[in-house]
Amino acid sequence: MEEKYFLAKWLNNEITEEELKKHVSEEEIRLYKKIISASDMLETPEFDLEEALSEIKKLHEKTNVKKLTTIKYFYKVAAVLALIVTSYYFISNKNTNYTTQLAEKISFELPDNSSVNLNADSEIKFKPNKWENKRELHLKGEAFFSVKKGSKFTVKTNLGDVSVLGTKFNVVARDHFFEVFCYEGVVSATYQNKTIKIPAGTSFKALNSSSAFNPSIEEKIPSWLQNKSSFKSLPFKYVIKEFERQYNIKITYDKEFDTILFTGNFTHKGLEIALQAISVPLNLNYTIINEGNVSLHP
Amino acid sequence: MNIKDKIGFCDEENFSNFFRSNSKLLHNYIFYKCGNIELANDIVQDAFLKFWINCEKIITEKATSYLFTIATNLFLNEYSKSKTSSNFKNTLSVNYTNETPEFLLEEKQFHAKLTNAISSLSEAQRTAFLMHRIDGKKYKEIAENLGISVKAVEKRIHNALLNLRKEIENI
C-alpha cells in the first residue's frame, strides 16, 4: 500500500529511511533531518507555572465568594420573606391562652363579653382575631360559660364538642370524663359523633363508654364556683383527682376504691373538712403526711 | 466512572496537580497557534478557571480534551478580535548545546530560516508539528488533545515537514 503521509510515518519511526528513499531524494532527506534536529532545539517562551496557578486560585476564590454572596443574599431574602409570612400567620392565628394551675381558679371575659370561669388545672385556647366570625374555643379541664346571645358558640374538647347560641353551662373534659351541665337555655353536645340536646336544668355525663342524662339541677351555677366540688355517682378516682387539683396535693389511697361511685361534695376552703367529706363516707381515715401529701387508709 | 472521579477536579489539590501536568502544554499549544505569549497566558488562565468552575461536570478520561476545547474556543473568540500576526522569529528561541563559533554561525542562520518557515506554516500544521517536536507528544496524544484522528495528525505533520523543506529551500 502506498503510504500517503510517509514523512510523518518516517518521523514516527514507522518506516525506515530506506523506505523513505522511495519517495524522496537523499538530498531532501538530509534537509529533513536538519529541519528535525533544529526543531528539537527550539524552546518555547518561559511559562511561570506556579505564578499562573496562584493567580487562578485567587480568581477562583473570587468567583466562589461571588457565588457564595449570591447564595447568602438569596437566603437573606428568603429568610425575611419566611419571617413575614410566618409572623402574619402567627398574628392572624395567634391564640389567646388562659390556664390555671392546681388549686387555682380564674374568671375572664371573651371578646363578645361572654364570661368564662376556669376551674383548677384547666386550659382555654381561642383566636381573638377570628372571634367575630367564629365563636369557638378549645377546653381542657373544666369551665363554666355564661354566653351572650349571638352566633353559634362552640366549646371543643378532646372528648366532644358543645354548641350553644346563648346560655349558661359548665363543661368538664378530663381524661375520659366528659360532662355538660346546662343551667340556662339549651346546649347541644356532640359526643362520639352523636348530637345530644341538653335542656336547662339537666346534665349529660359520659364516662368511658357509658353516658347518662341527669335531670334536676337545683343550683344556678356550678358548685365549684361556690368553692366546693359536688359529685353524683362518680368513680372515686375522679373525686380524688379533683381533690388533688383543688388543693394541689398528692393523695395516696388503696386503688381498690377507684371504681366506687361517690356522691357528695367537698369544700375548697379547708383541707381537713374536705378530707373528712371524702373519707368518712367510705369509712376511711386520713393522715396528713406533710404539706403536699395525704394518705387515706382504713 | 463514579462520582468521586467527577468531583475530583474540584478539590484544590487535585486541580493543582492537573494544572501542573497540563498547563505548559496548553500554553505552548496556544502559543503555536498565534505566537502571542500574552494571549497564551490569558487563555491558559481563563481556560483553567473555567475548567475549575465546571469541575463537577468533568469526567476524568475527557479532562484534557475538555480543557483543550475550552482553550480553543477562547482562542477563537480572542484571536479574531486581536488580529495579531503570528511571527515566531523572536519568540521561538534556540537552546544551543554545541557552542563552537563556526557551528554557531551556521546554526543561527539555519534557525532563522527555520523559524521563518515555521511562521509561514498553517496554524494546524505548525501546532501538530511543534507539539510533536517540542512537547514530545505522540501522534495519538496530539489527536486526543485536538479532538482529531491520528490520520489527521499524520497528514498535518507530513505537510508541515514538506512545507518547511520547500520554504527553507526557497530562501
Looking at (1) more than 34 Å from the chain's Cα centre (by Cα); (2) surrounded by fewer than 17 Cβ atoms within 10 Å (Cβ to Cβ); (3) modelled with pLDDT of 85 or more, find the lone condition where A:ASN265 falls short.
(2)
Quick one: which strands (runs of 3 or more DSSP E) lie wholly within region A:187-247 and hold at least 2 residues that are of a type in the set (S, T, N, Q) and more than 22 Å from A:PHE257 (Cβ to Cβ)?
A:210-214
A:ILE198 within 20 Å of A:ARG174 (Cβ to Cβ) and modelled with pLDDT under 90
yes
Here is a check on your reading of the model: is A:GLU256 without any contact (Cβ under 8 Å) to a residue 60 or more places away in the chain, charged (D, E, K, R), farther than 18 Å from A:ALA206 by Cβ and part of a helix (DSSP H, G or I)?
yes
If B:TYR79 passes every condition in (1) closer than 15 Å to B:ILE30 by Cα; (2) among the aromatic types (Phe, Trp, Tyr); (3) modelled with pLDDT of 90 or more but one, which one does it miss?
(3)
Need the failing condition index for A:ASN13 against (1) at positive phi; (2) buried (at least 18 other Cβ atoms within 10 Å of the Cβ), just the number.
(2)
Which one of these does A:ALA52 not meet: (1) surrounded by fewer than 16 Cβ atoms within 10 Å (Cβ to Cβ); (2) farther than 30 Å from A:SER163 by Cα?
(1)
Just to verify a result, which residue in region B:119-131, among those that are in a helix (DSSP H, G or I) and more than 10 Å from chain A (Cβ to nearest Cβ), is surrounded by the fewest Cβ atoms within 10 Å (Cβ to Cβ)?
B:GLU123
Report yes if B:ALA40 is within 26 Å of B:ARG126 (Cα to Cα) and at the interface with chain A (Cβ under 9 Å from one of its Cβ atoms), otherwise no.
yes
Selection within region B:132-171 - part of a loop (DSSP other than H, G, I, E, B), surrounded by fewer than 19 Cβ atoms within 10 Å (Cβ to Cβ) and basic (Lys, Arg)
B:LYS138
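A quick yes/no check of all residues on (1) at pLDDT 90 or above; (2) assigned to a helix (DSSP H, G or I):
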position: A:GLU2; (1), (2): no, no
position: A:LYS9; (1), (2): yes, yes
position: A:ILE15; (1), (2): yes, no
position: A:LYS33; (1), (2): yes, yes
position: A:PRO45; (1), (2): no, no
position: A:LYS62; (1), (2): no, yes
position: A:LYS66; (1), (2): no, yes
position: A:LYS76; (1), (2): no, yes
position: A:THR86; (1), (2): no, yes
Unique match (being modelled with pLDDT under 90 and either in contact with a Leu (Cβ under 8 Å, 6 or more places away or on another chain) or surrounded by 20 or more Cβ atoms within 10 Å (Cβ to Cβ) (or both)) among B:THR97, B:THR84, B:THR60
B:THR84
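Results for (1) closer than 19 Å to A:ASN119 by Cα; (2) of a type in the set (Asp, Glu); (3) at pLDDT 85 or above, shown as yes or no for each residue.
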{"site": "A:SER211", "(1), (2), (3)": "no, no, no"}
{"site": "A:ILE221", "(1), (2), (3)": "yes, no, no"}
{"site": "A:LYS232", "(1), (2), (3)": "yes, no, no"}
{"site": "A:PRO235", "(1), (2), (3)": "no, no, yes"}
{"site": "A:TYR238", "(1), (2), (3)": "yes, no, yes"}
{"site": "A:ARG245", "(1), (2), (3)": "yes, no, yes"}
{"site": "A:VAL280", "(1), (2), (3)": "no, no, yes"}
{"site": "A:ASN285", "(1), (2), (3)": "no, no, yes"}
{"site": "A:ILE289", "(1), (2), (3)": "no, no, yes"}
Region A:132-145, residues that are farther than 16 Å from A:ASP121 by Cα and surrounded by 19 or more Cβ atoms within 10 Å (Cβ to Cβ):
A:ARG135, A:LEU137, A:PHE145
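The values are calculated or read from the model by the stated rules, or taken from the named source; none is laboratory data. This one's a predicted model, so the numbers in the text were calculated from it and none came from an experiment. Because the Cβ atoms are built from the backbone with ideal geometry, glycine has one as well, and the counts that use them run over all protein chains shown.
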